[in-house]
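Take a look at the structure below.
The values are calculated or read from the model by the stated rules, or taken from the named source; none is laboratory data. Just so you know, these numbers come straight off a predicted model, no measurement behind them. Cβ sites come from the backbone with ideal geometry, for glycine too, and all protein chains shown count toward neighbours.
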Amino acid sequence: MSNPFDTLKDAPRLLLEAKLEPRQTKRFQPTGFADLGPARYKAHRDDGVSEMLLVESPQSVANWLEAMCWEPPQLGRMASPTSKLAPDLDGMPYVLVKLPDGKPLTNSILESHRLNSPYILEGKDTRVLDMLKAEVGGMEKGPVDIRKLAGVVFKYDPNAVLHGVFLAKSELAGGRLRMPRLISGFIEAADIQDAVSGGVKNDHIDPSGDTKRGFGNVPYHRTQFTAKELKVYFNIDLAQLRGYGLGKAAEAFLVAFALYKIERFLRTGIKLRTECDLAVVGDLKVTAPDAFTMPKKDVLEKAVKDAVAACRGEKLFADPAITEVVYEEKKKAAKKAAGADEPDEGGEDDGAAE
C-alpha cells in the first residue's frame, strides 16, 4: 500500500473543511464568552458583507479533538482519569498523575496546560520537572533550541506537540519554552439570524419568593441562531512540523494522529452543547494541497498503529510510555511566631506558578 501522506511532503499547510447542519430544526447555540456573549462579527464575502458568528473557538475544538484519544471518546468533556487510550493509540506516551493512595487524578492529555499542568509540575513529587530540567538544560540564556524542545516534549507526550504547550516555570529555561499549535480548528456560521426565545424557572411552592436566594419564579431569555452556512475548518501546519526536525517516523505519526482525531470527531458526533447538536453534510473537503485526499477510517487507524510502532522502534517515545507522577500539594511555608514574613527553617516553597 502506498503512503497516504506522500502528497503532503512539500505542502506548507493541510487545510480541510466540512459543511455542517443542526440535526433537528435549524436553530443552534454558539459558544459564549463571559464578557462578550456570542462572538458576532461582519466579514466580506463574495455576495457582500455577511453577519458572522463564531460557533466554536480554536481552544474549544482543541479540547474536543483531545477527547478523541480515549476509548470511548470523552464526549461532552466527561474527562475521566481512569480512561484508557483508544486501541489504535496504544503505546503513545503521556504523563499520568496519581494521588498518594494510587488513584488516578488526571493526566497530561486531559489537562488544559498539558505538560505544564500544576498537578504535574507543582507537587511534592518533582520527577517530571527534574526530567524536563535535565533534558532541556542549557537554554536559560541565548536562543531556545526549538528542535531539542520538540524532541523532549514528543518523547513524553506527542499530543502536546500537536496542540502546543508553554512550559512557563522559571526553572525551565527561564519560562521561555513555548510550542505553538500544529493543528487548529474552529466552527463558523455565515448569514446568521437571531432566534430569540425564553422560559421561566418555576417555584411551585413560593412563586413570589426571594429570587436572590434561589426562591420564586425567575423568567429568562435565550438567544439562539440560524445560519445560511455552517462550516468546520481545520489547519495543520506541516511547515512548522517539519521545522521541528523530529524525523520521518515522528512526522508520519503526528500527521496521522491529527487526521485520526479529526475523522473520529466528525464521525462520532458533534454535540457541542445541549442545543448545538451538529451533523456533517457530505464529505470532509481538502482545500489545500489539491493533490491530497483524506484517507478513510480504516487507513487512518492502520497508519496511526504503524506510526506508533515505528516511533517505539526508533526509541522516540519514553519507556515505559506512561510516565507516572504523584500529586501531593506542597505545604505552605509557615510564618514565624513573631510574625516575620520569612518561612521557618526547612519550610517548603508554596509552588506557585510564575
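The residues listed here are L53, L115, L65; of these, the one that is over 17 Å from the mean Cα position of the chain (by Cα), of a type outside the set (S, T, N, Q) and surrounded by 19 or more Cβ atoms within 10 Å (Cβ to Cβ) is L53.
Out of L284, L300, one residue alone is under 21 Å from the mean Cα position of the chain (by Cα), among the aliphatic types (A, V, I, L, M), in a strand (DSSP E or B) and at pLDDT 95 or above. It is L284.
Residues in segment 249-266: is at least one out of contact with any helix residue (DSSP H, G or I) (no Cβ under 6 Å at 6 or more places or on another chain) and surrounded by fewer than 14 Cβ atoms within 10 Å (Cβ to Cβ)? No, the conditions are met nowhere in segment 249-266. Kindly provide the set of residues from segment 40-93 that are of a type outside the set (G, A, S), in contact (Cβ under 8 Å) with a residue 40 or more places away in the chain and assigned to a strand (DSSP E or B), ordered by number. Of everything in segment 40-93, those that are of a type outside the set (G, A, S), in contact (Cβ under 8 Å) with a residue 40 or more places away in the chain and assigned to a strand (DSSP E or B) turn out to be R40, R45, E51, M52, L53, L54, V55, E56.
The sole residue among T82, T126 that is within 18 Å of K330 (Cβ to Cβ) and among the hydroxyl-bearing types (S, T, Y) is T126. L272 fulfils the conditions (1) modelled with pLDDT under 95; (2) over 22 Å from the mean Cα position of the chain (by Cα) except for a single criterion, (2).
Selection of segment 165-213 for residues being assigned to a loop (DSSP other than H, G, I, E, B) and among the hydrophobic types (A, V, I, L, M, F, W, C) yields A168, L172, L182, I205. Looking only at residues in segment 1-38 that are at pLDDT 95 or above and among the aliphatic types (A, V, I, L, M), the one that is nearest to H221 (Cα to Cα) is L20.
Restricting segment 68-89 to residues that are surrounded by fewer than 14 Cβ atoms within 10 Å (Cβ to Cβ) and not hydrophobic (A, V, I, L, M, F, W, C) leaves a set whose member that is farthest from the chain's Cα centre (by Cα) is P87. Within segment 242-263, being in a helix (DSSP H, G or I), closer than 21 Å to D145 by Cα and either modelled with pLDDT under 95 or over 17 Å from the mean Cα position of the chain (by Cα) (or both) holds for R242, G243, K248, A249, A250, E251. Scanning segment 174-211 for residues that are more than 24 Å from the chain's Cα centre (by Cα) and either within 18 Å of A62 (Cβ to Cβ) or of a type in the set (G, A, S) (or both) yields G174, A190, A195, S197, G198, G199, S208, G209.
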